[in-house]
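Take a look at the structure set out below.
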Amino acid sequence: MKRRRLVIVYNPRSSHYRQVKRDVLSKTTSLEGWMVGKFEVADTDVDDNAKRLAKVLLDDDLVVAAGGDGTANIAINGIMLSKAERVRIGVLGYGNFNDTARTFGVQKFEQILKGDAKEVWPMELSINGKHWRYGMCYFTLGMFAEACAVFDHPKTRKALQSGRKRLFFSLGVLARWWLKQRKKHAMPDYVLGNSSEEYLEVKKTSDYMAVNGRTVAKMMKGGKYFLQNETFLSYNGLMTKFFRLCSMMFKSIFHRIPGTESEYDQLVFKKPAKIMFQAEGEYKKIDGVELVEVRKAAKPLLAIMK
């Protein structure tokens, strides 16, 4: 009988790597009927890691991303870029927010090995007409994306790696950052277009967000757009004002992010801009941005779901 291929994607520098080693990697030595490969995330970037993963995948592989949303993001982009067919993915959350794992709902390694795959539809974001990233749960541009950089501060990472400080510590770090930075961050003016060819001139805003998964930053509710091949949730707003931020967060936590359904978003900046982008655990500041496009990917992903 032909052995099935299992590829474990993990990051040895992640905050909760010790748990990944205990719960997942240590169990691969006793698996029967599987040929196991381990893909260690390199200390480079998403592009490099996703391209390297895409090259090693074969038809019918099962990929298990064990880590935070950044690790899941690499695995998803690697599969989407790969030429291999019928590749399945399971995600186990060992990060601070775990939005991808929460979207798929699987909690144990054994469940992934025995689970059935279902078609899910990531979003695709392009910059200046060129593909940049696939995203299963969300993309953000602006202040929300800028805030991600705070978690790379050495003291913050050390505290997170201790395992004793997670969600509330993370929220406290973000709150302190917001109080210091809220007056310094604003998105450049842009024109927002959609599939209905309606155009809205957007001024004095801090954030754009495209949401596809169940949650954003664990607490903010999205929806089941990942099960659809057409629509996602689109939002743009001002998060630098305290009461507007509180209103937006209250609606997002207790009901849903106050956006509108969209099949296609187009952000046209009036002049080339330097924008911070976030895609599920990844953030990157890109200069010379004139056009941003968000749509559903042209092909689905096969995900192991609860």
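The values are calculated or read from the model by the stated rules, or taken from the named source; none is laboratory data. Computed from a predicted model, the values in this text were never measured in an experiment. Heads up, the Cβs are rebuilt from the backbone with ideal geometry, glycines too, and the neighbour counts pull from every protein chain shown. Note: accessible area is taken over every heavy atom of the protein model, side chains too, but ligands, DNA and RNA are not part of it. Shrake-Rupley method; radii C 1.70, N 1.55, O 1.52, S 1.80 Å.
If I go through the stretch 81-125 residue by residue, how many of them are of a type in the set (Asp, Glu) and either closer than 17 Å to Val20 by Cβ or within 20 Å of the chain's Cα centre (by Cα) (or both)?
The qualifying residues number 4.
Count, please, the residues in the stretch 1-46 that happen to be part of a loop (DSSP other than H, G, I, E, B), open to solvent by 20 Å² or more (accessible area, probe 1.4 Å) and within 14 Å of Glu110 (Cα to Cα).
Count: 3.
Hey, among the residues in the stretch 86-123 that are among the acidic types (Asp, Glu) and farther than 19 Å from Lys296 by Cα, which one's most open to solvent (accessible area, probe 1.4 Å)?
Only one residue fits best here, namely Asp116.
Please count how many residues of the stretch 54-81 are open to solvent by less than 10 Å² (accessible area, probe 1.4 Å) and small (Gly, Ala, Ser).
Within the stretch 54-81, residues that are open to solvent by less than 10 Å² (accessible area, probe 1.4 Å) and small (Gly, Ala, Ser) number 6.
Yes or no: the stretch 221-234 includes at least one residue that is under 15 Å from Met143 (Cα atoms) and either in contact with a Leu (Cβ under 6 Å, 6 or more places away or on another chain) or hydroxyl-bearing (Ser, Thr, Tyr) (or both).
Within the stretch 221-234, none of the residues are under 15 Å from Met143 (Cα atoms) and either in contact with a Leu (Cβ under 6 Å, 6 or more places away or on another chain) or hydroxyl-bearing (Ser, Thr, Tyr) (or both).
So, Phe250, is that one in contact with a strand residue (DSSP E or B) (Cβ under 9 Å, 6 or more places away or on another chain) and more than 14 Å from Thr140 (Cα to Cα) or not?
no
Give the stretch 229-247 a look and list any residue that's open to solvent by 70 Å² or more (accessible area, probe 1.4 Å) and either acidic (Asp, Glu) or touching a helix residue (DSSP H, G or I) at 6+ places or on another chain (Cβ under 6 Å) (or both), or say none.
Glu230 - this is the single residue of the stretch 229-247 that is open to solvent by 70 Å² or more (accessible area, probe 1.4 Å) and either acidic (Asp, Glu) or touching a helix residue (DSSP H, G or I) at 6+ places or on another chain (Cβ under 6 Å) (or both).
Taking helices (runs of 4 or more DSSP H) that do not extend beyond the stretch 60-157, which have at least 1 residues that are aromatic (Phe, Trp, Tyr)?
In the stretch 60-157, the matching helices (runs of 4 or more DSSP H) lie at 99-104, 109-114, 143-147.
Pick from Glu201, Glu261: which is at pLDDT 95 or above and of a type outside the set (A, V, I, L, M, F, W, C)?
Residue meeting the stated conditions: Glu261.
Just to be sure I understand the filter: pairs with C-beta atoms under 7 Å, separated by 6 or more residues or on different chains, first member in the stretch 236-251 and within 23 Å of Val294 (Cα to Cα) and among the polar types (S, T, N, Q), second member assigned to a strand (DSSP E or B) and open to solvent by less than 30 Å² (accessible area, probe 1.4 Å). Which pairs pass?
Asn236/Leu192; Asn236/Val202; Asn236/Asp207; Asn236/Tyr208
Please go through the stretch 248-291 and pick out each residue that is under 17 Å from the mean Cα position of the chain (by Cα) and either open to solvent by less than 50 Å² (accessible area, probe 1.4 Å) or farther than 24 Å from Val202 by Cα (or both).
Ile257, Met276, Phe277, Gln278, Ala279, Glu280, Gly281, Glu282
Kindly provide the set of residues from the stretch 223-266 that are hydroxyl-bearing (Ser, Thr, Tyr) and within 22 Å of Asn194 (Cα to Cα), ordered by number.
Selection gives Tyr225, Thr231, Ser234, Tyr235, Thr260, Ser262, Tyr264.
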